[in-house]
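The values are calculated or read from the model by the stated rules, or taken from the named source; none is laboratory data. Every value quoted in this text rests on a predicted model; they were computed, and no experiment measured them. Reconstructed Cβ throughout: ideal geometry from the backbone, glycine too, with neighbour counts over all protein chains shown.
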Amino acid sequence: MSGRVGETEKRGAAVTGGAPDEIEVRDPISAPDSDGKPVRATRRFPMFTRDTARPEGGGRAAPRSAPAPARQWPILAVLCTVGLGLLVTAFDAFRLGTILIGSALLVGALLRWLVPDVGMLAVRSRFTDMVTYIALGSAIVLLALMAQPKPLLEIPFLKDTLHFTVGDETG
């Protein structure tokens with residue numbers, strides 16, 4: 001019986017009284033089945049989350065003794081570059097400003113890949129963060145290079161695609 005009590009307590013239930021069949025459920029999420037093993041009795045989740053896992057690389061980028069900005073230097077570098085790109089765009093250098101913004105996101109992906117602890121730059125898993133930063137950064141840079149007037153990058157099939165989808169209204 002002592003072996004059964006130890007096993008039962010490990011599973012989150014306790015034997016009450018003297019009989020081994022009387023099991024008190026301590027965990028409202030799981031209840032013991034006929035063998036005494038906990039089984040999820042409901043699909044409800046606990047009301048409050050007790051703990052959340054930080055994303056990998058989500059630790060501090062500098063020791064705790066360093067000032068707050070130094071601990072979060074990767075996200076600050078990306079945000080300051082994006083801010084500079086927005087400022088350049090506001091001063092009528094659209095193409096240069098948006099290329100700077102897209103490049104900041106690409107640098108964020110590179111930092112997420114190379115630096116083990118990137119602080120708040122880590123949002124999800126390393127793979128998800130990198131794919132997101134690369135996709136958004138590449139899209140912004142490509143759109144900036146294709147912006148009119150005088151695009152620096154021309155993709156030939158886009159003009160034909162636009163012609164066939166919109167059609168010719170004059171004919």
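Would you check if there is a residue in region 75-91 being modelled with pLDDT under 90, of a type in the set (A, V, I, L, M) and in a helix (DSSP H, G or I)?
Filtering region 75-91 down to residues modelled with pLDDT under 90 leaves none.
Checked against the condition, which is being modelled with pLDDT under 90, of a type in the set (A, V, I, L, M) and in a helix (DSSP H, G or I), region 75-91 yields no hits at all.
Among the residues of region 113-171, write down those that are in the same structural domain as residue 72 (by TED's automatic domain parsing), loosely packed, with under 12 Cβ neighbours inside 10 Å, at pLDDT below 90 and over 29 Å from residue 94 (Cβ atoms).
Within region 113-171, 116 is the sole residue that qualifies.
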